[in-house]
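Below you'll find the structure, written out as structure tokens, and then a few comments.
The values are calculated or read from the model by the stated rules, or taken from the named source; none is laboratory data. Please read these numbers as outputs of a predicted model, since none were measured by experiment. No Cβ is skipped: glycine too gets one built from the backbone with ideal geometry, and neighbour counts run over all protein chains shown. Ligands, DNA and RNA are excluded from the accessible area calculation, which covers all protein heavy atoms including side chains. Shrake-Rupley method; radii C 1.70, N 1.55, O 1.52, S 1.80 Å.
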Amino acid sequence: MRRFTFVAVLILLTPVITAADLSDYLERSATAEFQGDQIVTCSTPDGVRDAVLQIVGRDGALVVTSPVGDGRSLSAGAGSLAVAGPDGSVRSTQVASATDGPGPARYAIAAAIPGTYLGRIVETVVVERDGETRARMTFDVETGALLRSVVFQADERVYCDARMVTFDPSAPEVVAPGSDPDAVHVLESTQDFDLRALPDEVEGFVRLDQYRYDDSSVLAYYSDGFFAFTLLHSRRPVRLETSEALTRVDAGGGFYERIYGPGTALYVWESQLGGLAMFGDLPPDLQERVMAGLPEPGQPSFFIRWWRRLFG
């Protein structure tokens with residue numbers, strides 16, 4: 001059985017963008033050094049999801065900590081993702097190599113608007129996909145830091161609003177958890193996977209690479225040039241480890257289990273091909289399109305059931 005731990009503090013702060021006219025903004029944002037507090041509010045089909053976060057950017061790493069709740073923190077940067085609990089223990093996953101993202105032909109900057117935010121001189125970039133506004137990102141001109149990110153659904157309703165409420169263009173000397181090499185689990189790229197479960201492309205999202213997660217699972221990374229998601233395929237069933245309320249979504253001959261966090265969504269389900277889990281920052285309308293292009297929920301095949309009887 002594969003257990004998937006949901007991290008509620010992961011936010012849509014630095015979208016995956018490869019367009020030449022957007023790269024300058026994102027490259028500067030990725031290396032910006034700052035600290036501050038952020039509020040994230042998302043309107044999801046399962047209700048409002050929000051969070052109050054403390055953000056530190058330093059040395060190409062981004063550390064996000066929730067000052068409320070269980071004290072868990074998240075660190076992302078340099079190809080790694082680290083989650084630390086209140087006791088200081090760290091569980092990390094690091095991608096050994098990364099492939100460049102797809103061309104952003106469907107995305108374009110519709111406007112770049114100068115202004116002020118938090119007393120800072122900023123520039124707000126409006127991003128469109130197929131002529132529809134998908135995001136408004138406000139960057140600090142001096143440091144390049146992303147101060148606000150508003151993501152829209154296809155009908156231009158606001159999905160998530162992540163905004164800094166305090167901002168200091170400096171950072172503490174120490175960047176917390178995730179730097180200990182012994183605590184990092186490295187995922188090596190693999191070519192041994194089931195193409196039916198991890199297709200080359202789904203609804204404009206291209207599989208950039210795939211990694212061996214363990215002896216029965218493969219984790220693939222997808223992007224459409226802006227939004228992104230990971231897709232886990234396992235011969236074993238995937239179960240959620242979370243205290244959050246789950247939503248059951250009936251579909252086809254089975255169902256999904258779904259959970260929303262501030263800026264993220266996680267789906268887990270059984271299929272003919274085994275257990276699957278999709279985790280990403282897509283707004284709900286794109287989630288629906290992607291899920292429709294993946295193996296539908298249902299009873300595992302005879303081979304999968306046989307494999308589970310033998311290996312658990």
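Taking amide H positions as modeled 1.01 Å from N, with prolines and chain starts lacking one, the residues under 5 Å from Leu208 and 5 or more places away or on another chain are Tyr221, Tyr222, Ser223. For a paramagnetic label modelled on Glu296 (point 7 Å from Cα along Cα→Cβ), amide N atoms under 12 Å away belong, within segment 260-279, to 272. Were the residues from Val158 through Val141 laid out at 0.36 nm apart, the gain over their Cα-Cα distance would be 3.7 nm. Roughly how many percent of the accessible protein surface of segment 194-262 is carbon and sulfur, given a 1.4 Å probe and a whole-percent answer? Answer for segment 194-262: carbon and sulfur cover 45 percent of the accessible area.
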